[in-house]
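For reference, the structure is listed below as structure tokens.
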């Protein structure tokens, strides 16, 4: 991989429904930064005919696929959010593909880029970036936002939140915490300050 010297490789992460997409869109629009989104690569990893989707069908049966051969994400999600060991198995099928895609893009990208990875810590991808930004909001807001976005019951939404690394732990490991508990104006002001004040040394 190309040297990280003099490059800002921002690893943007946080909890589900804390505002990662809002921040990445702002960075793309205002600062014209290239955005690499792990979710896009993860979807590509399980496209029709891929090794990962074949492994998934082998593990859970052909009923995990839709009529066109694509993944039944709702059915798979109902399995994964209830069983940590199954989530870990699936991540092992997908994370190597995502990491390889990131590495290729970083090698061929403009100097400063943003890597949006919900599971940045869990997937062991912190070595790809020079700084880690965690988007935070208070737990009540996170739950309410997720319920509204996905039309979930409180129990189902909390189950999804609990399936991820605790947000506090992510904040403890961050170089920068963006607090999305109030207004968008406040959030964007924090981003502007961060863009004007890069960390003095790259992460090791």
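The values are calculated or read from the model by the stated rules, or taken from the named source; none is laboratory data. Everything numeric in this text was worked out from a predicted model, so none of it was measured. With ideal geometry, Cβ positions are generated from the backbone for all residues, glycine too; neighbour counts draw on all protein chains shown.
Given the range 8-111, what helices (runs of 4 or more DSSP H) lie entirely inside it while holding 3 or more residues that are in contact with a strand residue (DSSP E or B) (Cβ under 8 Å, 6 or more places away or on another chain)?
Qualifying helices (runs of 4 or more DSSP H): 20-31, 51-60, 84-107.
On the basis of being surrounded by 15 or more Cβ atoms within 10 Å (Cβ to Cβ) and at pLDDT below 95, does residue 63 make the cut?
Against the criterion (surrounded by 15 or more Cβ atoms within 10 Å (Cβ to Cβ) and at pLDDT below 95), residue 63 does not qualify.
If residue 120 satisfies all but one of (1) more than 21 Å from residue 199 (Cα to Cα); (2) part of a loop (DSSP other than H, G, I, E, B), what's the number of the condition it fails?
The number of the failed condition is (1).
Say whether the condition of being loosely packed, with under 12 Cβ neighbours inside 10 Å, out of contact with any strand residue (DSSP E or B) (no Cβ under 9 Å at 6 or more places or on another chain) and in a helix (DSSP H, G or I) is met by at least one residue in the range 159-167.
Yes, the conditions are met somewhere in the range 159-167.
Restricting the search to the range 24-42, which residues are closer than 19 Å to residue 100 by Cα and either touching a residue at least 24 places away in the same chain (Cβ under 8 Å) or surrounded by 14 or more Cβ atoms within 10 Å (Cβ to Cβ) (or both)?
34, 35, 36, 37, 38, 39, 41, 42, listed by residue number.
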